[in-house]
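Read the structure below first, then the notes.
Quick note: the coordinates plus some simple rules give every number you see, no bench work behind them. Just so you know, these numbers come straight off a predicted model, no measurement behind them. For neighbour counting, all protein chains shown are included, and Cβ atoms are generated from backbone atoms with ideal geometry for every residue, glycine included.
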Amino acid sequence: MGRILALGILGTLACAQVTFAQTGSVTGTITTSVKGRAPVRVTIDEKICGNELPDEAIVVDAQGRLANAVVILTGVKVAVAGETVLLNEKCRFAPRVQLARPNAAVRTTSKDPVLHTTQALHESGRTIFNVALPMPGLNISKPIGAAGTVRLNCNTHPWMRGWVIVTDDAAAISGADGKFTLENIPPGTYEMRVWHESLKGAPQKVTVVAGKPTEINFQLK
Amino acid sequence: MRKIDEPTVSVEPMDFTDCKLTTAEPDADWERAIAKGGPGVGLSPLMPAFEDSLTAEQIAGFVAHMRGFCKEGGWPSGNTNFPRPIVTEKAFPENEFLILPAISHDREWELAGVYEQRFGKRSMVEFEVPVQRAGVDEIAIAFKHAVHASGFNIVSLGLETAFLRDTTVFEPFISAGSMLRDWYLQGQFKIELPADRAKADRAIVYNAYVGHDTSLAPTTWTLGVELNGENHELALTPQVRKGITGTGALAASIGVMLPLNEREEQGVRWVGYLLWEFLEPLRARK
């Protein structure tokens, strides 16, 4: 019995290996020549929020590498779905940009001992939900709705801004070094588009081959 | 360093110290606005929902606190502002326009236009013009004053004066309302006293209503039944009312008046109203 089970596990692993070898990956760096913005002066709840906060509308390092940009491989459906958590921390949405699957329940929570509200707005301006978080540690789950770009506001702190890209396509967010990686992509030629809350970049064609990474870079302005 | 001047909310909150605005609605409506946020009562989504972060007791506590911003005594409690029955005159003073159609089984019809305007803390004046196939042969003006309104109980005294073509009819009345669990109970007793008894008859009018909301939303269906009496004629009027707009400021009601006796004399009548609460407290701002 034990031997059969072991063989079964080995067989499964072997199949998984094969699956891996049949897919490729896309990596790249997102850059811009646009400079970051001046910090924002905090005008309410300074004891919790501090006196100033960085304006994260453009997060760029000295080399022009841009964070919080989202690359999306149009038409490549992926099933993986971790929970999306909208965390209010030190009077900002942390992280500022996130991904979610269409109609997924997203969890809203706060670490700040201050009244936050998390208002999720559809591209049309329609409110998807607006929940109050009057104290830290609460967890409120709400469906995020259909595919699209959802903007997050806080009705008590006007500088707070967050974004949820709702898609069932393969997507990744650039890190502080401007880099992104998309793995387990079936070979083929796709269109890759890039989204950023304040900058724009043209879509590019990308050809994914099995077993090795394809590099593609974006320059936004 | 930059300062973001964008306002946190683009919809100005109402002035909670203005008693005229903050006393007219039941606690349940305010609790719903806090629990469900603005959209729960047909208002702006800028008002967030607190139902996942506060208990019902905490929300009720907030409402009690907010009621305290009105520092003047004497305003009737919004908890006594019950949904209007079709025939029974409600006790709570309102700011409303109404159209009340009535169609009898033999196709005779009447359409009454009513304008109600609050004044002072507890009073209301009402103008009514009924239109019939033959035209207008009556106009009426009424005053009403809430002599008691606390908890879920209200009693009002009123005088309606109907100016007919050949005489005037004075109609003193008493209206009352109460709540028993989730049921609205409303009643009215009126005496019609014509100045010239040769031109119009004296009458005793009595109405009683019991009703029930099917949900807590302003768009709720309210199911009710009235017992309508005039002298010895009795009718039963099952009816349904519905808030049409999200805030419930526009509402409609329809019912059928079924005679319980004197069937030939009374006949079956379809009755109803379309109501517009023009000074809608939840939305009104200075």
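Which of the peptides B:24-32, A:34-42 is most tightly packed, and how do the rest follow, judged by the mean count of other Cβ atoms within 10 Å per residue?
So the peptides B:24-32, A:34-42, ranked by packing, come out B:24-32, A:34-42.
Loop only per DSSP, at most 12 neighbouring Cβ atoms within 10 Å: give me the trypsin sites (Lys or Arg not before Pro) in segment B:80-147, ordered by residue number.
Sites meeting the loop and neighbour criteria: B:R107, B:R133.
Using 0.36 nm times the number of residues separating A:A146 and A:D45, minus their current alpha carbon distance, what extension gain do you get?
33.0 nm
Mind checking which aspartates and glutamates have their C-alpha under 19 Å from A:K35, skipping anything on the same chain fewer than 8 residues away?
Of all the aspartates and glutamates, those that pass the test against A:K35 - Cα under 19 Å, at least 8 places apart if same chain - are A:E52, A:D55, A:E56, A:D61, A:D177, A:E197.
Applying the Karplus parametrisation 6.51 cos²θ - 1.76 cosθ + 1.60 with θ = phi - 60° to the phi angles of segment A:54-71, what ³J(HN,Hα) value in whole Hz is obtained for each residue in order, glycine and proline being reported as x?
x, 7, 8, 5, 9, 10, 9, 9, 4, 8, x, 7, 9, 8, 6, 9, 10, 9
Taking segment B:91-277 as the region of interest, what is the percent of Cα-Cα pairs per 10 angstrom bin, listed from the shortest bin to the one with the maximum distance?
In order of increasing distance, the bins hold 9, 30, 44, 15, 2, 0 percent.
From Cα pairs below 8 angstrom and at least 6 apart in sequence, can you work out the relative contact order of chain B, rounded to a whole percent?
17
Mind checking A:150-159 for the average number of partner chain beta-carbons within 10 Å of each residue's beta-carbon?
Shielding by partners across A:150-159 averages 3.
With only Lys, Arg, Asp and Glu charged, each at its Cβ (+1 for the first two, -1 for the last two), find how big the charge dipole of segment B:1-75 is about the Cα centre; round to the nearest 20 debye.
I would put it at about 160 debye.
Report, by chain and number, residues whose modeled amide H sits under 5 Å from the one on A:D45, excluding near sequence neighbours (fewer than 5 apart, same chain).
none
Short version: ³J(HN,Hα) in whole Hz for each residue of segment B:199-215, in order, from phi by Karplus 6.51 cos²θ - 1.76 cosθ + 1.60 (θ = phi - 60°), x for Gly and Pro, what are they?
9, 8, 9, 5, 8, 10, 10, 9, 10, 9, 9, 10, x, 8, 7, 8, 8
Out of A:I72, A:I144, A:I128, any idea which swings most in a Gaussian network model of chain A, alpha carbons joined below 10 Å?
Fluctuation is largest for A:I128.
Which of B:H65, B:H212 comes first, and how do the rest follow, when ranked by fewest Cβ neighbours within 10 Å?
Going from least to most buried by this count: B:H65, B:H212.
Place a +1 charge on the Cβ of each Lys and Arg in segment B:107-252 and a -1 charge on the Cβ of each Asp and Glu, then give the dipole magnitude about the Cα centre in debye, rounded to the nearest 20.
Around 460 debye, computed over segment B:107-252.
Arranged by the count of other C-beta atoms within 10 angstrom, fewest first, what order do B:R181, A:R151 take?
Values: B:R181 5, A:R151 16.
Ranking B:R181, A:R151 by Cβ neighbours within 10 Å, fewest first, gives B:R181, A:R151.
What does the C-alpha gyration tensor say about the overall shape of segment B:1-75? Classify as rounded when a/c is under 1.5, otherwise prolate if a/b is larger than b/c, or oblate.
oblate
Return the average number of partner chain Cβ atoms within 10 angstrom of each residue Cβ along peptide B:52-58.
4
Would you mind checking which residues have amide H under 5 Å from B:H148's amide H? H placed 1.01 Å from N; only 5 or more apart, or other chain.
B:V155
Set the Förster distance to 51 Å, then compute FRET efficiency between B:R165 and B:H65 from the Cβ-Cβ distance, nearest 0.05.
Computed FRET efficiency for B:R165 and B:H65: 0.40.
Relative contact order of chain A: what whole-number percent is it, with Cα pairs under 8 angstrom and at least 6 residues apart?
29
Summarise the partner chain shielding of A:127-135 as one whole number: the mean count of Cβ atoms from other chains within 10 Å of each residue's Cβ.
What the average comes to for A:127-135 is 6.
Can you tell me the relative contact order of segment B:124-172? Whole percent, Cα pairs under 8 Å, sequence separation 6 or more.
29
What share of all Cα pairs of segment A:23-220, in percent, falls into each consecutive 10 Å distance bin?
9, 33, 34, 19, 5, 0
Rounded to the nearest 0.05, what FRET efficiency is calculated for A:Q22 and B:H232 with R0 set to 60 Å and r the Cβ-Cβ distance?
Details: r = 91 Å, r/R0 = 1.52.
About 0.10, to the nearest 0.05.
Which residues make up the longest stretch of chain A clear of GluC sites (Glu not before Pro) that lie in a DSSP loop with no more than 15 other Cβ atoms within 10 Å, not counting the sites?
Working: sites that count: A:E83, A:E123.
The segment A:124-221 is the longest one with no such site.
Amide H to amide H under 5 Å from A:Q98: which residues, 5+ apart in sequence or cross-chain, H placed 1.01 Å off N in plane?
Distant-sequence amide H within range of A:Q98: A:W163, A:V164, A:I165.
Restricting the calculation to Cα positions, tell me the Rg (one decimal) and the Dmax (whole number) of the protein assembly as shown in Å.
32.6, 111
List B:S10, B:S253, A:S110 from most exposed to least, where exposure is judged by having the fewest other Cβ atoms within 10 Å.
Fewest to most other Cβ atoms nearby, the residues stand as B:S10, B:S253, A:S110.
In segment B:53-159, which GluC sites (Glu not before Pro) are in a loop and have at most 11 other Cβ atoms within 10 Å, using DSSP for the loop call?
Passing both the DSSP loop test and the Cβ count: B:E72.
List, in the order given, every pair from A:K111/A:K200; A:K47/B:K3; A:K179/A:K205; A:K142/B:K36; A:K142/B:K242; A:K179/B:K3 whose Cα-Cα distance in the structure shown is over 23 Å.
Pairs exceeding the cut-off: A:K111/A:K200; A:K142/B:K242; A:K179/B:K3.
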